[in-house]
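Undergrad: Can you read through this structure? Questions will come right after.
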Amino acid sequence: MQYPTVTLFDPGVGGAPTTLNPHVVPNLDTYDHSIVNEGGFESLEVSFKVSTRAAARAYLQRLMCHVEATSPRGRTVWEGAVQQVAIVSPRGQKTTRSLSEMANLIVVRYKATNGQQAAAPSVSDAASIARYGTKARLINFSTTTAAAAANRAAVVLRQIAHPPTTQTTESGSGSDDGGAWTVTLTCRGWWDTLGHLLTSTSSTAPVATHTQALTLLAAYNAINPFFGLSAANVVATGVTDTSLIEDDSTYLEAICTKLASGTSALERVVYGCYEQREITIRPWAQATPTTIHYVQRDGDPHIRDPYGSVVPIWDVRPDRMVSLPDLDAAAPSSTVPMQGVGRMYIRRVRVQITRSSQRITLEPEDANALEELLTRPAGAGVSGVSAHQAAIERTVHRQAQTRFSRTNGTIDLGGGSITTGGGSIDTGGGSISNPGGGDITYPPGSGATGVTGSGTTGALTKWSNGGAGVLTNAVAGTDYVAPGSLSESIDDRVAALLVAGSGIGLSYNDAGNVLTIANTGGTVGGTGTAGRIPQWATGGADLQDSTLIKTGAGLLTLSAAGAATLTIDASIRLTGSGASSGDALIFNGTAFAPTALTPAAIGAIDGSGRAAAWGLDTGGRPGER
């Protein structure tokens, strides 16, 4: 029996697909793939045998490896990644590793003790992310504290950050000698990985739905680079929708929900990931039901094209119209209902090949499959088509919804009460009324039977009578600052807060709204030359250069007990009070003072000669006698 060729490649950084080191899976025993109209390549499972334990165990390391299945003619018939590996020994012991329960980013939502919803900081495992890409897990916790919620996240991460390995024994018989090991690879299409990450958007800007899908895909790719970003296979939907995405939505849910609105021509949109991991968005084939892609006749084991040529089973795709001529002999026409007796829309294609047989199943739109009912986002997929899905959504919605009356915008409490838990009520520009006519008590538990009182239209109110449910006008200037006088109140308060200090004067002009701060201690100004000693200029307010210059590092001290003048000019003289003409500066033991030149002042004069030998000569001149 002929099989497609299944090739495994090495995983890239963060689980990104590569085409490195291709490894062809040998000697297939079974081959089973499915392709669906909403998602594209959906699942693939192959099994085969290897001769040694080492060869079998090597496949346990192949999780998140890129997988390609190609037809004998080299056409890609399926793409995805390995999600689970199971090996069975000749003795029947089964070992399994799977990504299905693994998560390496944990987000915990919980109810805080004050009743408000909260979220613990997310925790992640860097090594796991580097190998498999980011895969988030949302946990809804009960009423708890932030610390306990964070601890819960760390506990869960420690358990599931890496793929677990499980072992079971299927039988107790058999011999290991010469036996073969059976390997089963279970793979999922890359579209399935869009469920690995959570997203949300608060913007309500209207954007075309197909554009939003591409934007979401690019945002996902920035974290897990798994997809191609070409828009070559994207057809504009013509429908605009809000950009808002609810908290904790997966990228898969968000894209499916946006595209569920269909096209502006009121046709359904199908989408998915196919060759080269490129996204496809287009109107479904049933938009043109008379365009026939395949023909299936009773008793003919082959699927044929409209011209009668056999289509290999691995080349058959979903989102096609198949003609069933044995059920309707009439030629298809545009007047025949979209899915009449003689034609069928193909939602899913399943191909199964074993060593002894091959089989293809063309599945129609099955709106009642349990997995479809429980896993599709509300309003998307089979919602609205299946009566069972509608019943499930009604039940879930009924249990979760707040009680609303049929009058838009009115809340029917049904005799209950509203507790904000410390929060607030946003009326969205509307109002809260009491159509039942009952009492509104304030403060809670005060015993007041209602709110009473009277006031002036447009005036602010205040509680009076001790707050026992009676309202009256608030007084401007006493109970609140009137908006028109706010600036004046601020001016007066600032003027009252400021206190004048030494040399500072304050002047407040209340009428003119001016507060002046002035210097009352005079001014010090003027200019000078470096090294010159300053002196007060005329008027005593400014400084200017004096004629005295101090140079050198020595200390210069000028001291005067009284008024004194020191004049140094070309004649170099000292003047002062108490001096007479002819006086000399004589040190008196304390200071140099002006002194008359007398013998007593001068003292002895030292010299040589004969005593009393000096006198006047005959000419009256001094001489020796």
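Undergrad: Quick check on this structure: which one of Ser43, Ser100 is polar (S, T, N, Q), surrounded by fewer than 22 Cβ atoms within 10 Å (Cβ to Cβ) and part of a loop (DSSP other than H, G, I, E, B)?
TA: Working: Ser43 fails: part of a loop (DSSP other than H, G, I, E, B).
None of the other options fit; the residue is Ser100.
Undergrad: Further question on the same structure: Taking Ala287, is it at pLDDT below 95 and open to solvent by 40 Å² or more (accessible area, probe 1.4 Å)? Reasoning before the result, please.
TA: Details: at pLDDT below 95: yes; open to solvent by 40 Å² or more (accessible area, probe 1.4 Å): no.
Judged against the criteria, Ala287 is not a match.
Okay, residues lined up against (1) modelled with pLDDT under 75; (2) assigned to a loop (DSSP other than H, G, I, E, B):
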residue	(1), (2)
Thr527	no, yes
Gly540	yes, yes
Ile586	no, no
Leu597	no, yes
Gly615	yes, no
Gly619	yes, yes
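Undergrad: Please go through segment 46-93 and give me each residue that is within 18 Å of Thr184 (Cβ to Cβ) and open to solvent by 40 Å² or more (accessible area, probe 1.4 Å), ordered by number.
TA: Those that are within 18 Å of Thr184 (Cβ to Cβ) and open to solvent by 40 Å² or more (accessible area, probe 1.4 Å): Lys49, Ser51, Thr52, Arg53, Ala54, Arg57, Ala58, Gln61, Arg62, Gln84, Arg91, Gln93.
Undergrad: Let me ask you something else. Which residue pairs have Cβ atoms closer than 9 Å, lie 6 or more positions apart in sequence or on different chains, and pair a first residue in segment 220-247 that is under 26 Å from Ala126 (Cβ atoms) with a second residue that is in a loop (DSSP other than H, G, I, E, B) and open to solvent by 50 Å² or more (accessible area, probe 1.4 Å)?
TA: From segment 220-247, the pairs are Asn221/Leu229.
Undergrad: Taking segment 204-219, which residues are without any contact (Cβ under 8 Å) to a residue 40 or more places away in the chain, open to solvent by less than 30 Å² (accessible area, probe 1.4 Å) and not aliphatic (A, V, I, L, M)?
TA: Residues satisfying the conditions do not exist here.
Undergrad: With the requirement that a residue be assigned to a loop (DSSP other than H, G, I, E, B), crowded, with 17+ Cβ neighbours inside 10 Å and in contact with a strand residue (DSSP E or B) (Cβ under 8 Å, 6 or more places away or on another chain), what does segment 297-316 give you? Can you show your working first?
TA: The first filter runs over segment 297-316 and keeps only residues assigned to a loop (DSSP other than H, G, I, E, B), leaving 297-302, 305-309, 312, 316.
Next cut, crowded, with 17+ Cβ neighbours inside 10 Å only: 312, 316.
Answer for segment 297-316, where residues must be assigned to a loop (DSSP other than H, G, I, E, B), crowded, with 17+ Cβ neighbours inside 10 Å and in contact with a strand residue (DSSP E or B) (Cβ under 8 Å, 6 or more places away or on another chain): just Val316.
Undergrad: Scan segment 15-35 for residues that are touching a Phe, Trp or Tyr at 6+ places or on another chain (Cβ under 8 Å) and farther than 19 Å from Pro312 by Cβ and report the count.
TA: 13
Undergrad: Continuing with this model, one more query. Which one of these does Asn140 not meet: (1) modelled with pLDDT of 90 or more; (2) exposed (fewer than 15 other Cβ atoms within 10 Å of the Cβ)?
TA: Only one criterion in (1) modelled with pLDDT of 90 or more; (2) exposed (fewer than 15 other Cβ atoms within 10 Å of the Cβ) is unmet by Asn140, namely (1).
Undergrad: Would you mind stating whether Thr201 is open to solvent by less than 50 Å² (accessible area, probe 1.4 Å), modelled with pLDDT under 95 and either within 24 Å of the chain's Cα centre (by Cα) or aliphatic (A, V, I, L, M) (or both)? Steps first, please.
TA: Details: open to solvent by less than 50 Å² (accessible area, probe 1.4 Å): yes; modelled with pLDDT under 95: yes; either within 24 Å of the chain's Cα centre (by Cα) or aliphatic (A, V, I, L, M) (or both): yes.
Yes.
Undergrad: One residue is enough: does segment 88-96 have a residue meeting the conditions in contact (Cβ under 8 Å) with a residue 40 or more places away in the chain, in contact with a helix residue (DSSP H, G or I) (Cβ under 6 Å, 6 or more places away or on another chain) and part of a strand (DSSP E or B)?
TA: No, the conditions are met nowhere in segment 88-96.
The values are calculated or read from the model by the stated rules, or taken from the named source; none is laboratory data. As the structure is a computational prediction, the values presented were derived from the model and not from experiment. Cβ sites come from the backbone with ideal geometry, for glycine too, and all protein chains shown count toward neighbours. Surface areas here come from the heavy atoms of the whole protein model, side chains and all, with no ligands, DNA or RNA. Shrake-Rupley method; radii C 1.70, N 1.55, O 1.52, S 1.80 Å.
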